[in-house]
Amino acid sequence: MQKIAITSGKGGTGKSTIAVLFANKLVKENKKVLLVDCDVECPNDYLLLGQRLKEPRKKIYVKFPKLNKKKCKKCGLCVKICRSNAIFQAPRKYPVFIKDLCSACGACQTVCPYKAIQSRKEEIGRIFVNKIKKNPAPTSGTGRGFWLITGQAKPKVEETGPVVIQVKKFALSFAKRKKIDFILFDTAAGTHCPVISALLGCDLAYCITEPTPMGAYDLDLILRLCRKLKVPTKVILNQADLGDKTKIEKIVKKFKSKIDKEIPYSEEIVKLYSRGKLLDFDLV
Amino acid sequence: MKICIATNKSDFNSAISPIFGRAPYFLIADLENKNFKFVKNRATKFIRGAGIAAAQTVVSEKVKLVIVGNIGPRAKVVLEQSGIKVISNITGTVKEVLERFKKED
């Protein structure tokens, strides 16, 4: 099983569009494909595929810390260990947990010598599974479909890394059961926690960008992140014929990555996209 | 009384900081003993939760009042819960703010 991430530093470069088309292309090559929408704050692969999210297959919970005041000796170790600055303690007072900063890592519970920190389960997201039945286009080769797993964070959840981690875990065991050949992770834009969680452990990351100054700047960031995470990269240049790509080429060279594909601007894809018939477009 | 003023630089001619969590320095002023010191804010580079970390620094100095240009909701709540008064929406140099504070006391 190949684990491939579709990512980009910059938003709006065409991650989801390319992820969906790439999944379809692999299906036509007779591969068993699972597409995982890891953009949990705003998943939209299902929309591109004309699907609805109905009953969640699974709910995602994390354990937030909760103080047992009877056991707490106000030692302050939990405040020192917290990397999210989610614990505050005034002198000689009990520590206070600030939930929207907390990533539920559990470090405070581990470090507390008096076992005064208990946990409280709370739902932070949901997982949906859709079966994309065969390609509706008449050109479709095999008529075989693919699976879509969608992760969705609950509104107001600020720390969505843990949602992605659990979506991935679910997807990997799902893929194992279904004997999937290619598992595609469509990540969020940016280089923050939920993106890192999605990229970790992938065999390859396609970094989508566009020939604009901002596209170049954010490509540098995402390539740097992938290098740090030891994930090999290939670059896909979208709307390649519109801007100036010298900057992109320079950055790609700097990171010893390569431009795998240049996708020219196409009005056809825009039209199909807006009609919800994206799968009619052939990505070569 | 000990008060805290968030500042841009570590001197009295510096402007008061428009932000709390990522203010570069805090002036800790002990007004009775005429004891003044600038404390570096370790939270300036934090991506998230800078306000809480900065509040932690300020609280450990045992001040009773914080003067700042603006302050985030989380930092404000934890400071006030610790019994520290917060005055925001203040501009000017550190010197001016101190004099104004003494006058209005």
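Assorted remarks:
- Scanning the range A:227-257 for residues that are assigned to a loop (DSSP other than H, G, I, E, B) and either outside the structural domain of A:Ile18 (by TED's automatic domain parsing) or farther than 22 Å from A:Gln2 by Cβ (or both) yields A:Gln239, A:Ala240, A:Asp241, A:Leu242, A:Gly243, A:Asp244, A:Lys245.
- Any hit, the range A:62-75, residues being assigned to a strand (DSSP E or B) and either within 30 Å of A:Ile269 (Cα to Cα) or open to solvent by 50 Å² or more (accessible area, probe 1.4 Å) (or both): yes
- Summed over the range B:80-105, residues that are in a helix (DSSP H, G or I) and out of contact with any Ser or Thr (no Cβ under 6 Å at 6 or more places or on another chain) total 12.
- Of the candidates A:Lys234, A:Lys230, A:Lys253, the single residue that is surrounded by fewer than 18 Cβ atoms within 10 Å (Cβ to Cβ), at pLDDT 95 or above and at positive phi is A:Lys230.
- Single match in B:Val39, B:Val59, B:Val66, B:Val77 (criterion: within 14 Å of chain A (Cβ to nearest Cβ) and either assigned to a strand (DSSP E or B) or more than 24 Å from A:Ile87 (Cα to Cα) (or both)): B:Val66
- The residue of the range A:95-111 that is nearest to the other protein chains (Cβ to nearest Cβ), among those that are at pLDDT below 90 and not in a loop (DSSP other than H, G, I, E, B), is A:Leu101.
- For the range A:256-284, a residue qualifies if it is among the small types (Gly, Ala, Ser), without any contact (Cβ under 8 Å) to a residue 24 or more places away in the chain and open to solvent by less than 70 Å² (accessible area, probe 1.4 Å), and exactly one does: A:Ser266.
The values are calculated or read from the model by the stated rules, or taken from the named source; none is laboratory data. Values in this document were obtained by computation on a predicted structure and should not be read as measured data. All Cβ positions, glycine included, derive from the backbone under ideal geometry; neighbour counts span all protein chains shown. In case anyone asks, the SASA skips ligands and DNA or RNA and just uses the protein heavy atoms, side chains included. Shrake-Rupley method; radii C 1.70, N 1.55, O 1.52, S 1.80 Å.
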